[in-house]
1. So residue A:88 passes all but one of these: (1) under 27 Å from residue B:63 (Cβ atoms); (2) part of a loop (DSSP other than H, G, I, E, B). Which condition number does it fail?
2. Does any residue of the stretch B:107-118 turn out to be under 28 Å from residue A:1 (Cα atoms), under 16 Å from the mean Cα position of the chain (by Cα) and either modelled with pLDDT under 95 or within 12 Å of chain A (Cβ to nearest Cβ) (or both)?
3. Testing residue B:75 on (1) in contact with a helix residue (DSSP H, G or I) (Cβ under 7 Å, 6 or more places away or on another chain); (2) modelled with pLDDT of 95 or more; (3) within 12 Å of chain A (Cβ to nearest Cβ), one condition comes back false. Which one is that?
4. Any residue that is over 30 Å from residue B:110 (Cα atoms), surrounded by 19 or more Cβ atoms within 10 Å (Cβ to Cβ), facing chain B (nearest Cβ under 9 Å) and at pLDDT 95 or above - is there at least one of those in the stretch A:47-66?
5. If you take the residues of the stretch B:79-89 that are more than 21 Å from residue A:128 (Cβ to Cβ) and in contact with a strand residue (DSSP E or B) (Cβ under 9 Å, 6 or more places away or on another chain), which of them is farthest from the other protein chains (Cβ to nearest Cβ)?
6. Quick one: how many residues across the stretch B:75-97 are crowded, with 16+ Cβ neighbours inside 10 Å and closer than 24 Å to residue A:93 by Cα?
7. So, in the stretch A:91-111, exactly how many residues are in a strand (DSSP E or B) and either touching a helix residue (DSSP H, G or I) at 6+ places or on another chain (Cβ under 7 Å) or in contact (Cβ under 8 Å) with a residue 60 or more places away in the chain (or both)?
8. Is at least one residue of the stretch B:157-168 surrounded by 13 or more Cβ atoms within 10 Å (Cβ to Cβ), part of a strand (DSSP E or B), touching a helix residue (DSSP H, G or I) at 6+ places or on another chain (Cβ under 6 Å) and outside the structural domain of residue B:90 (by TED's automatic domain parsing)?
């Protein structure tokens, strides 16, 4: 579990992971050296990755689709999904499916090509969830104003 | 009357060059990367990176964030929940999901459902209570739950600067 200081600093990083140690020290009143130590601890304990979330439609990738997947050959499917450039995230899931994925495409044609590749690997999929709009992104454990 | 048609190109598109994709993919790889290190890796001058970054932070870049390992914090139940709600309660539900502290992300979706919510709870019991609450308070008509048991890959799209060298 995390200390109160660690949680506070984490919430600042959740809000903006590019905040400098100086920024966080100023905003929290915690000395810079302590902030530095805590960020290092957080890196090993809890933080998986620092990533910039983009509006991909602005770089030509306007189609975001999620779906669940059931594979005949799980190992092969897992590798295929892990390496595929259009697949943003992959999670292991339960019930009737093996994986839940988020994929990002330029257009419908790219998506159809991807679906063909899935068919060729004997991979079945659930209904598609097209993400139309972001209402909230990574809001968990965010700094409260 | 002469009708002159102006073709407007969105500003973002005209400014998008290979160097932007390099910078963005490095940020996708590690959002905390210093400009110095990014300059070394991309051979783009620090001043250019600084300017591009500042420009993109208004619009293209939604947020720099740290992704958490929820399990390490004691949150063992995570799921993507599809929710279909009656039109009369849709706005209210949207507010509820936006403010709810166990809801990490919410998207407006189509294809039968209204919202997709990524939720994080300590255990299944808490998740079930959340779902029951949705049904009682908001007349939610249909839900579908996909438990997320393990992260295999997370936010990797456009996160490989080496790939950016090949595409445009």
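The values are calculated or read from the model by the stated rules, or taken from the named source; none is laboratory data. The structure displayed is predicted, hence computed values, not measured ones. Ideal geometry is used to build each Cβ from the backbone, glycine not excepted, and the neighbour counts take in all protein chains shown.
1. The failed condition is (2).
2. At the first step, the residues of the stretch B:107-118 found to be under 28 Å from residue A:1 (Cα atoms) are B:117-118.
Checking which are under 16 Å from the mean Cα position of the chain (by Cα) leaves us with B:117-118.
Subsequent filtering for residues that are either modelled with pLDDT under 95 or within 12 Å of chain A (Cβ to nearest Cβ) (or both) retains B:117-118.
For the stretch B:107-118, residues under 28 Å from residue A:1 (Cα atoms), under 16 Å from the mean Cα position of the chain (by Cα) and either modelled with pLDDT under 95 or within 12 Å of chain A (Cβ to nearest Cβ) (or both): present.
3. (1)
4. So far as the stretch A:47-66 goes, yes, one or more of its residues are over 30 Å from residue B:110 (Cα atoms), surrounded by 19 or more Cβ atoms within 10 Å (Cβ to Cβ), facing chain B (nearest Cβ under 9 Å) and at pLDDT 95 or above.
5. Residues of the stretch B:79-89 that are more than 21 Å from residue A:128 (Cβ to Cβ), as a first pass: B:86-89.
Right, trim to in contact with a strand residue (DSSP E or B) (Cβ under 9 Å, 6 or more places away or on another chain) and you get B:86, B:89.
Working: B:86: 18, B:89: 15 Å.
Looking at the filtered set, the residue picked out is B:86.
6. The total comes to 9.
7. First, the residues of the stretch A:91-111 that are in a strand (DSSP E or B): A:91-92, A:99-105.
Checking which are either touching a helix residue (DSSP H, G or I) at 6+ places or on another chain (Cβ under 7 Å) or in contact (Cβ under 8 Å) with a residue 60 or more places away in the chain (or both) leaves us with A:99, A:101, A:103-105.
The qualifying residues number 5.
8. Within the stretch B:157-168 (the criterion being surrounded by 13 or more Cβ atoms within 10 Å (Cβ to Cβ), part of a strand (DSSP E or B), touching a helix residue (DSSP H, G or I) at 6+ places or on another chain (Cβ under 6 Å) and outside the structural domain of residue B:90 (by TED's automatic domain parsing)), the answer is no, since none of the residues qualifies.
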